[in-house]
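A.B. asks: Below are the structure tokens for one structure; questions will follow.
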Amino acid sequence: MILKTLFGIVLALCMTFIFKIVMFLDYHKTLWNHRPGKCHIVKGIDHGSEDMQTTTSGLTFITSGINGELFGPVFQEHYKKQKARGRIMLFNMEKPKDGVKELKIIGNNFNYDDFFPHGISVLEDRGKVLLFIVVHRTKEDTVEKFEFLEKTLELKHLKTYTGTLVHLLNDVAATGPDTFYTTNFGYYRDYKAHFLEIMLGLRFGNVLYFDGQDFIIVSEPTFLANGIALSKYGRIVYINSSEGKKMMMYKREANNKLTKVNEIELDTFPDNPVVDPQTGDVLQGCHPIGFKAMQHLNNPIDPGASQVLMVHMDKSGANVTGVTELFSDDLELYGSSVATLYKNRMLIGTVCHKMMYCEVNILG
């Protein structure tokens, strides 16, 4: 009798665990494809447009060709066969028909050999456009700082940031010409160790702040701290975490440390948040079907799914007033990671696939 009871308990626990995994990875979900207006794939990007940010004049800077030790052997082999490489691209929202252009990086000390860009933050400072970019290099992760030279379409490399607290970086949010927040996605950079870290649900991630001198830890330990962005007025910091499919809101304290004030579950895997400078609302590039995202990121030729949400915020930037789905697709665009909006024109980026341009006709 006791053995039967124990067996029943174990079976119930196993079934509960399996049910949670099935629900978490979205095996139960159906994706309905829809678009906010006319959309088309932008030629010239085939190996990802993982993160992007748009200036007040409509210039959109895009990271392409993400790679690193955190990706598995199938991904690496695909990357080599396709002869993909890390690039920074430019798309002018004012002239969408011009398409996308690659920016040349100049600087005597810049190393192109293992340049695999990930997150990006653009800062307009006293007439200059500065780019802060997370880069996965062979031996370490770094944040690289550039100045955009518009006349020659070049990026001038200015500085490299790294330190003992830097482990596996994901995204960056500039707060000044030499200060920024960045997310530690986890501790281990190796694919197998990183996968084990995820499976065990270890809270080895966090948020770092570079104060002009060094990195400091400014958040509690976090599971998979992903994309990061500042609110319209810079008082709130938005951070995405795959745990619970959450977007989290943190208040910036006087010492730049972060205090969580709110969070929202989105029933999708949010990747990179981008704040609309006009409304303060947050565009979220999302992975709506978890198991498809895992398959696609393991092998880029496997189909993934894409989704873009507009998370509407109140004036404080800390409270959500509603959520609008702008885009949903698993036919042409796989693995959406980010979206940016400018004058009802939207770009949607992916981790390792293509990039899409859309006219947005459904927002007031």
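A.B. asks: Only Cα pairs under 8 Å and at least 6 apart count here; give the relative contact order of region 264-364 as a rounded whole percent.
C.D. replies: Computed value for region 264-364: 24 percent relative contact order.
A.B. asks: Please enumerate, by chain and number, the lysines with C-alpha under 20 Å from the C-alpha of K145, excluding those fewer than 8 residues away in the same chain.
C.D. replies: K101, K104, K128, K156, K159
A.B. asks: Once each part is reduced to its C-alpha centroid, what is the distance from region 227-254 to region 9-87 in angstrom?
C.D. replies: Region 227-254 and region 9-87 have Cα centres separated by 21 Å.
A.B. asks: Over all directions, how big on average is the projection of the convex hull of the alpha-carbon atoms in region 169-249, in square nanometres?
C.D. replies: Its average projected convex-hull area is 5.5 nm².
A.B. asks: Could you work out [θ]222 nm for the chain from helices alone, using -39500 (n - 2.57) per DSSP H run of at least four and dividing by all its residues? Round to the nearest 500 deg cm²/dmol.
C.D. replies: Computed mean residue ellipticity for the chain: -4500 deg cm²/dmol.
A.B. asks: Mind telling me which of N298, N255, N184 comes out most flexible in a GNM of the chain, alpha-carbon contacts under 10 Å?
C.D. replies: N255
A.B. asks: Could you name the lysines in cross-link range of K97, using Cα to Cα under 23 Å and dropping any fewer than eight places away on the same chain?
C.D. replies: K38, K43, K151, K343, K354
A.B. asks: With an 8 Å Cα cut-off and a minimum separation of 6 or more residues, compute the relative contact order for region 122-247 in percent.
C.D. replies: Over region 122-247, the number comes to 17 percent.
A.B. asks: Oh, and also: Between K260 and L200, what is the spin-label point distance in nm, taking each point 7 Å from the Cα along the Cα→C-beta axis?
C.D. replies: About 2.1 nm separates the two model spin labels.
A.B. asks: Moving on to the next point. How about region 294-345: which trypsin sites (Lys or Arg not before Pro) there are in a DSSP loop, with at most 13 other Cβ atoms within 10 Å of their Cβ?
C.D. replies: Qualifying residues, ordered by number: K315, K343.
A.B. asks: Looking at the chain, which Cys residues are left with no other cysteine's beta carbon under 4.7 Å from theirs?
C.D. replies: Unpaired cysteines in the chain: C14, C286, C352.
A.B. asks: Can you give the alpha-carbon Rg of region 104-216 over 2.2 N^0.38 Å, where N counts its residues?
C.D. replies: 1.12
A.B. asks: Let me ask something additional. Ignoring chymotrypsin sites (Phe, Trp or Tyr not before Pro) that are buried or in helix or strand per DSSP, and keeping those with at most 16 other beta carbon atoms within 10 Å, what is the longest stretch of the chain between them?
C.D. replies: Segment 234-364 is the longest.
A.B. asks: Next up: Can you compute log10 of I(q)/I(0) for region 31-70 with the Debye formula, treating each Cα as one identical point scatterer, at q = 0.21, 0.31, 0.33 Å⁻¹?
C.D. replies: Debye curve over Cα of region 31-70, log10 I(q)/I(0) at q = 0.21, 0.31, 0.33 Å⁻¹: -0.93, -1.05, -1.07.
A.B. asks: Quickly rank 93-101, 164-172 as a protection proxy: mean count of other C-beta atoms within 10 Å, highest first.
C.D. replies: Taking the mean over residues of other Cβ atoms within 10 Å, the ranking is 164-172, 93-101.
A.B. asks: While we're here: Answer rounded, prolate or oblate for region 215-292, using the Cα gyration tensor with square roots of eigenvalues a ≥ b ≥ c: rounded when a/c is under 1.5, else prolate when a/b is larger than b/c, else oblate.
C.D. replies: Oblate shape, in that a/c is at least 1.5 and b/c is the bigger or equal ratio.
A.B. asks: When ranked by the protection proxy of mean other Cβ atoms within 10 Å per residue, highest first, what sequence do the peptides 302-309, 121-128, 348-355 form?
C.D. replies: 348-355, 302-309, 121-128
A.B. asks: On to the next question. Counting just the Cα atoms, what span does region 229-364 cover along each of its three principal axes? Round to the nearest Å and put the largest first.
C.D. replies: Projected onto its principal axes, the Cα set of region 229-364 covers 46, 32, 22 Å.
Each value in this text was obtained by applying a stated rule to the coordinates, not by laboratory testing. Computed from a prediction, not measured in an experiment: that's the story for all the values here. A quick note on method: Cβ atoms are made from the backbone with ideal geometry, for glycine too, and the neighbour counts reach across all protein chains shown.
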